[in-house]
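J.: The structure that follows is given in the form of structure tokens.
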Amino acid sequence: MKIGVDYYPEQWDSSLWKADADLMAKTGVKLVRIGEFAWSRLEPKDGEFCFEWLDEVIKTFSRHAMGIVLCVPTSCPPLWLYETYPDIIRVDADGKKLQTGIRAHRCINAPMFNYFAKRIAEQLAQRYANDPAIAAWQIDNEIDAYPCTCEACQGQFRDWLTEKYDTLENINSAFGNSVWSGNYSDISQIKPPNSYPRAWQNPALCLEYSRFSSDSAIRFVKDIALVIKKVNPKAKVTSNLCFCDNMPDIYGISGELDFVSYDNYPPLKRDDKADEKLSAAFCLDFIRGAKQKNFWIMEQLSGPTGSWAPMSPAPRPGQIKGYAMQAMAHGADTVMFFRWRTAVSGAEMFWHGLIDHSNVPGRRFAEFAELCKLAPKLSVIETTELVSEIAVLYSSDNERAFDIQPQTEGFDYMKQLEAFHAAFTGYGANVDIVSPRTDLSKYKAVVAPAMFVYDKASAENIYRYVIKGGTLILTARSGVKDPVNNCIMETLPTVYREVIGAVVKEYDPIGIEEQTITDFAGNKYKCSRWCDILELGTARAYAEYADGFYKGSAAVTMNRYCSGVAYYIGTVCGSDFYRKFASNIMKQTGIPRLKDLPEGVEVTTRTNGLDDYIFFFNNSENEASITLPKEMPSIIDGSEKSDLKLGPFDMEIVRK
Ligand code: GLA
Ligand code: ZN
């Protein structure tokens with residue numbers, strides 16, 4: 001594993017650069033990310049480029065054989081650019097321009113912004129893309145698919161729709177515009193959704209606008225990557241992804257990157273929900289699934305987080321090191337910490353780095369230094385990856401369509417993915433989170449939660465998987481919408497009726513009310529949010545409703561279909577149900593289970609095809625003991641281990 005840091009030379013007096021580089025080198029830092037927000041220092045005036053300081057920074061760090069991750073600073077254009085071309089600023093849903101002097105407030109569709117963004121990228125590439133010190137390029141920062149409503153976006157959205165639908169009549173018909181006299185008689189009437197409650201707006205228009213915004217972000221990343229690759233086709237290009245409100249389609253954007261990188265801030269503070277798990281495991285598996293490859297952490301938790309919200313608690317002893325190793329356990333080979341030293345000025349001065357404002361390295365830095373010492377011992381892991389027998393399918397269309405029309409109080413698409421992920425990983429299994437269009441044949445079990453919006457390729461892929469012998473788990477609110485986000489005029493779950501061998505006779509959107517289901521073995525579980533009342537065709541009941549007016553109707557079904565099996569869960573349950581259900585599925589499909597893992601212990605396996613390395617991470621504040629079935633050598637200290645004693649946030653890695 002390689003350890004790096006994020007560094008902002010433009011925020012410090014140049015007299016600090018050398019001392020910082022010396023300490024980094026002494027500590028074992030191998031990579032430094034720079035330049036992310038430095039446009040105004042790189043191009044202080046239109047066309048006046050100033051790279052000498054960056055030359056010096058690169059020299060200062062590469063002298064110590066540290067690799068440089070150089071950023072294309074398009075997230076923060078300089079003020080002169082806003083003044084000259086006021087149209088490059090983002091416009092919010094109410095038509096109000098965002099404030100200048102913040103960040104990510106530029107419109108990635110504004111033509112003049114694109115011109116200047118490509119120019120600065122080209123200048124940087126010409127100067128540095130063939131410099132061996134540059135390990136990788138980061139495009140922009142946490143790029144999002146903000147639904148900007150500026151003139152450029154409106155015009156390009158109309159073109160985007162025309163390209164897709166050809167004529168205005170087709171758009172009217174696809175959007176169902178006869179409802180509420182919404183027919184467009186002229187293309188100029190097509191407007192982005194605004195801040196008026198979503199419930200009043202056309203769901204088809206809302207979904208198409210978010211797809212358009214996502215395509216715009218992907219196009220932008222692709223254009224900038226091309227600028228760099230034109231100068232050096234071998235340059236490695238990434239963009240640091242994060243789970244933000246307007247995330248571009250993760251599979252689309254990752255397709256433009258040589259490798260995926262991610263900003264990893266594991267939660268340090270529980271929301272009020274008692275059953276919420278404090279773990280980054282789900283997000284890390286999600287990110288690995290983006291390209292189904294190992295990835296980098298571009299920003300890793302270094303201290304109390306703050307600035308955007310009241311400050312979080314400080315990372316507990318063990319968390320700085322442990323959470324970096326947890327990322328590795330899920331497929332990260334490089335972990336870069338945000339940030340070396342906490343900023344003393346600007347909006348982010350309370351989002352803490354490894355070193356506090358005082359510039360005196362403290363407890364957190366000492367733990368980081370320990371990690372740097374350990375990292376070279378883990379190089380054997382770098383040639384390994386996670387191989388999973390279980391997949392959970394994610395689709396941005398589904399997520400967005402549920403955001404546009406939340407189904408009932410408490411019904412949460414992402415929480416369902418998380419519930420299945422938690423259930424299977426709770427038995428120590430690797431779990432992939434992947435696109436419904438990906439090749440599923442390698443999985444023994446595939447969970448497809450709430451496949452709300454129909455996508456032909458995904459549905460065919462899912463059928464192919466079951467026909468060839470796969471085990472599918474589908475859940476309520478599948479097959480509801482056509483690709484444009486209108487309801488399908490067929491009995492639910494429409495396209496999936498055949499594979500599940502049952503139909504939804506009626507549904508009861510119970511929201512936060514609770515009911516009970518009983519499974520075939522007589523176990524009782526609470527359910528809520530949604531109840532599909534199922535009528536069996538070829539399927540058998542796995543669980544039935546135990547109360548209410550549909551008492552005795554099937555709530556969960558199981559159907560043999562061709563060589564495979566399809567389960568349908570028509571309601572939403574608590575973790576006890578999913579845990580038992582996952583256990584049954586694993587038993588039937590022959591996926592090994594670790595049954596008695598202590599609370600908080602997370603287990604994953606990385607393999608190179610010959611050797612398997614098992615990671616035991618104690619993601620809790622209590623000590624945990626695990627007995628291995630036989631003695632196994634530890635990668636961390638080389639000794640043979642059969643009884644593991646893990647302190648809070650400790651990681652042990654053994655070779656199987
Ligand atoms: C994000 C950004 C960073 C920084 C951190 C902490 O992850 O990418 O630039 O702002 O948040 O605030
Ligand atoms: Zn715009």
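The values are calculated or read from the model by the stated rules, or taken from the named source; none is laboratory data. Quantities reported herein were computed from a predicted structural model and do not represent experimental measurements. Positions of Cβ are generated from backbone atoms using ideal geometry, with glycine treated the same way; all protein chains shown enter the neighbour counts. Side chains included, ligands, DNA and RNA excluded: accessible areas come from the protein's heavy atoms. Shrake-Rupley method; radii C 1.70, N 1.55, O 1.52, S 1.80 Å.
J.: In whole angstrom, note down how far apart the Cα centers of the range 215-270 and the range 594-631 are.
T.: That distance is 31 Å.
J.: Shifting gears a bit: Can you give me the Cα centroid spacing of the range 442-493 and the range 550-589 in angstrom?
T.: 15
J.: Using 0.36 nm times the number of residues separating LYS645 and THR167, minus their current alpha carbon distance, what extension gain do you get?
T.: In short, 165.4 nm is gained.
J.: How much accessible area does CYS76 have with a 1.4 Å probe, in Å² rounded to the nearest 10?
T.: Accessible surface of CYS76 is approximately 20 Å².
J.: What lysines could a cross-link reach from LYS656, if we take a straight Cα to Cα line under 19 Å and drop same-chain neighbours fewer than 8 places away?
T.: The reachable lysines, counting only those whose Cα sits under 19 Å from LYS656, are LYS377, LYS595, LYS630, LYS641, LYS645.
J.: Counting every Cα pair in the range 1-150, what percent are over 23 Å apart?
T.: Counting pairs separated by more than 23 Å, the tail of P(r) holds 40 percent.
J.: Still on this structure, please answer the following. Which value, in debye to the nearest 20, describes the size of the charge dipole of the chain about its Cα centre when Lys and Arg Cβ atoms bear +1, Asp and Glu Cβ atoms bear -1, and nothing else is charged?
T.: The dipole magnitude comes to about 1280 debye.
J.: Projecting each Cα onto the charge dipole of the chain (Lys/Arg +1, Asp/Glu -1 at the beta carbon, about the Cα centre), which of LEU610, PHE549, PHE337 comes out farthest on the positive side?
T.: The residue sitting most towards the positive pole is LEU610.
J.: If you don't mind, there's one more thing I want to ask. Between the range 354-387 and the range 60-95, how many Å separate their Cα centres?
T.: 29
J.: Oh, and also: Run the accessible area of the range 1-140 with a 1.4 Å probe and give the carbon-and-sulfur part as a rounded percent.
T.: Here it works out to 51 percent.
J.: At a Förster distance of 60 Å, what's the computed FRET efficiency of ARG464 paired with SER358, Cβ-Cβ distance as r, to 0.05?
T.: 0.50
J.: Using the basic label-point model (7 angstrom from Cα toward the beta carbon), what is the ASN130 to CYS487 distance in nanometres?
T.: A separation of 6.3 nm, rounded to one decimal place.
J.: Can you list the HN-Hα couplings for the range 601-608, worked out from phi with the Karplus curve (6.51, -1.76, 1.60; θ = phi - 60°), rounded to whole Hz and with x for Gly and Pro?
T.: Listing the rounded values in order: 7, 10, 10, 9, 10, 10, 9, 10 Hz.
J.: Calculate what fraction, in whole %, of the accessible area of the range 209-265 sits on carbon and sulfur atoms when a 1.4 Å probe is rolled over the protein chains.
T.: Whole-percent figure for carbon plus sulfur exposure: 53.
J.: With runs of 4+ DSSP H residues as the only contributors, calculate the mean residue ellipticity of the chain at 222 nm using -39,500 (n - 2.57) per run, divided by the residue total and rounded to the nearest 500.
T.: Theoretical 222 nm ellipticity from helices: -9000 deg cm²/dmol.
J.: Sticking with this one: Run the accessible area of the range 601-655 with a 1.4 Å probe and give the carbon-and-sulfur part as a rounded percent.
T.: The C+S portion of the solvent-accessible surface of the range 601-655 is 44 percent.
J.: Here's something else I'd like to know. Quick one: if you stick a label point 7 Å off each Cα along the C-beta vector at GLU83 and GLN201, how many nm between them?
T.: Output for this residue pair reads 3.4 nm.
J.: Given a 1.4 angstrom probe, what's the average accessible area per residue across the chain, in square angstrom?
T.: 41
J.: Can you work out the FRET efficiency for the pair ALA314 and GLN405, with r the C-beta to C-beta distance and R0 = 41 Å, to the nearest 0.05?
T.: It comes out at approximately 0.55.
J.: Name the residues whose placed amide hydrogens come within less than 5 Å of the amide hydrogen of CYS527, ignoring near sequence neighbours (fewer than 5 apart) on the same chain.
T.: GLN515, THR516, ILE517
J.: Moving on to the next point. Suppose the chain between ARG119 and LYS45 were pulled fully straight at 0.36 nm per residue; how much longer would it get relative to their current alpha carbon spacing?
T.: 25.3 nm
J.: Could you give the length gained on full extension between ALA65 and SER345, defined as 0.36 nm per residue of separation minus the Cα-Cα distance, in nm?
T.: My answer for the length gained is 97.8 nm.
J.: Let me ask another. Go through 622-631, 439-448, 302-311 and give me the packing order, highest mean Cβ count within 10 Å leading.
T.: 439-448, 302-311, 622-631
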